[in-house]
Amino acid sequence: MTQEVLILSSFLIPLLGAIVCVFFQSSRYSGKIAAGSCLLTFVFLSISLFPFLSDFKNVILLPLGLRCEKLQALFLLLTSLVVTLALMQSDIYFEKELKQENTNQKHIAWFYFFSLLFLLSMMFVFVCDNLGALWISIEATSLLSAGLVYFSRSKHAVEATWKYLIICSVGIAFALLGTIFIFSSSQYGAIEGGSLYASQLKAVSENLQPLLLKLGFIFCLVGYGTKAGVFPLHSWLPDAHSEAPAPASAMLSASLLNCALYAIYRILDLTTNSACGKSCHEVCLWAGVITVIAAALFLVKQHGLKRLWAYSSIENVGLMMVAIGFGSAPIFFLQALNHSIVKVSLFCTAGNIIQLFGTKEISHINGLLRRSPLDAVLLLAGAMAVTGTPPFGTFISEWMLLSLSFERRYILVAVLIFIALTIAFVAVSYHVGRTLVGGKIELLSDTVSIKNSVIPSLLILASVALCFLIRPDILGVLK
């Protein structure tokens, strides 16, 4: 099988898996079918993309105007891996939900149906060369992931779903207008008749009409920034992540946000060699700094365990925005990789803890170290990892980002980020510390299963490994 055929086959697997899950609505095998489909997708992508990442070929051209470069290949692998691990954990998570009669098998089957189509839409985000198709793919991720937020059908879930859809739909409308401006910028002598293909636009970026291109970038930044949770467009994110089941929260945080940030990176990349390139990069850079600071301050006073990690995601979005503003694809991907791995572990561990205590409120979760030592260790390790503490991979990516800020002589950026990271570390440490110790509390169940913590444990170990294995020269493939 050729490389192109394997890649295209990997796009068919989630679609077929979703169809099968609909036919197995009353069966407990739907979770294994979904996880198996995702695993097969990851295997197909790995077989086809690992050789590509190690050779001198810079792009894989696919039918229908699809295109895969090395950054896109890495994000495809990361996204498929994240969803695979989240769905493997889902099977264990929903098994306990069924025992506690918190859900039914039909709702679970639909969860897997939406999860697989959600994966498919995210995969398309990374291979769309056409900016119009990119916009459609981003919109599809919103519509399909809404089914995951709505899972519990509760009053709060309905409210979070509508808030998510309305805010993101308004944002995506701005992105559409920005896409139109970018198309218009190419009609002034750059490309006869204009174009929406990013590869063509980048090749003639110096000839694009600067004012229209800058307007296009700003509108796309607002639109896709809403999807990514950039401050002050973030208000949907804590509610959606809090109300979705823990495995869905893991996918939303560890893969969906990467899609929106990649779209911003893709648009900003078009401006690099244009007359408005420097100002566009500055806007993106400072939007990231403000987001990191705002998220750190929000972390100080949080009451829900999953909302805590949702605001932590916003903080990491800010860090990735700074990397994008600097035009550093290696640091952008490395931060995304480390954050995704840790955040899947944290949300899965949070799901275990919420099932154990029967509440999301941090004030009602205490004595975890005594009740479930393994979950306590994983929660503490995840908290250290997500705040950039050594020996976890996030320490390396954040250190590289601060070093780059000093290297580019953005001293104020480095100082503000360092202060924000310190605030976030103290706030997260305080909240997590409250859960580890404390008085006695009556539990819904005294059963603590080790299998619930296998995937979170492996991900924490992977984060430690990344701290020692990833070096700046390894990421030279993206330069």
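The values are calculated or read from the model by the stated rules, or taken from the named source; none is laboratory data. Remember, predicted model here, so these are calculated numbers, not experimental data. Reconstructed Cβ throughout: ideal geometry from the backbone, glycine too, with neighbour counts over all protein chains shown.
A few notes on this one:
- Screening the stretch 320-332 for residues that are surrounded by 24 or more Cβ atoms within 10 Å (Cβ to Cβ) and more than 12 Å from A228 (Cα to Cα) and picking the one that is nearest to the chain's Cα centre (by Cα) gives F332.
- If you go through the stretch 281-326 and pick out every residue that is closer than 21 Å to G393 by Cα and small (G, A, S), you end up with 8.
- Selection of the stretch 43-58 for residues being without any contact (Cβ under 8 Å) to a residue 60 or more places away in the chain and of a type in the set (A, V, I, L, M, F, W, C) yields V43, F44, L45, I47, L49, F50, F52, F56.
- Every residue from the stretch 245-275 that is surrounded by 22 or more Cβ atoms within 10 Å (Cβ to Cβ) and outside any helix (DSSP H, G or I): P245, S274
- Checking each residue of the stretch 201-224 against the condition of being without any contact (Cβ under 8 Å) to a residue 12 or more places away in the chain, of a type outside the set (D, E) and in a helix (DSSP H, G or I) gives at least one match.
- Where A310 falls short, out of the listed (1) crowded, with 24+ Cβ neighbours inside 10 Å; (2) modelled with pLDDT under 90; (3) touching a Phe, Trp or Tyr at 6+ places or on another chain (Cβ under 7 Å): (3)
- All conditions but one from (1) under 16 Å from the mean Cα position of the chain (by Cα); (2) at pLDDT 85 or above; (3) not in a helix (DSSP H, G or I) apply to P232; the one that does not is (1).
- Which listed residue, of S184, S142, is surrounded by fewer than 19 Cβ atoms within 10 Å (Cβ to Cβ) and touching a residue at least 12 places away in the same chain (Cβ under 8 Å): S184
- Conditions (1) assigned to a loop (DSSP other than H, G, I, E, B); (2) modelled with pLDDT of 90 or more; number of the one not met by L177: (1)
- Counted residues, the stretch 290-305 - those being assigned to a helix (DSSP H, G or I) and surrounded by fewer than 24 Cβ atoms within 10 Å (Cβ to Cβ): 6
- F50 vs. criteria part of a helix (DSSP H, G or I), crowded, with 18+ Cβ neighbours inside 10 Å and under 24 Å from the mean Cα position of the chain (by Cα): no
- Tabulated pairs, the stretch 295-319, first within 15 Å of A385 (Cβ to Cβ), second not in a helix (DSSP H, G or I), C-beta under 6 angstrom, 6+ apart or interchain: L308/Q302
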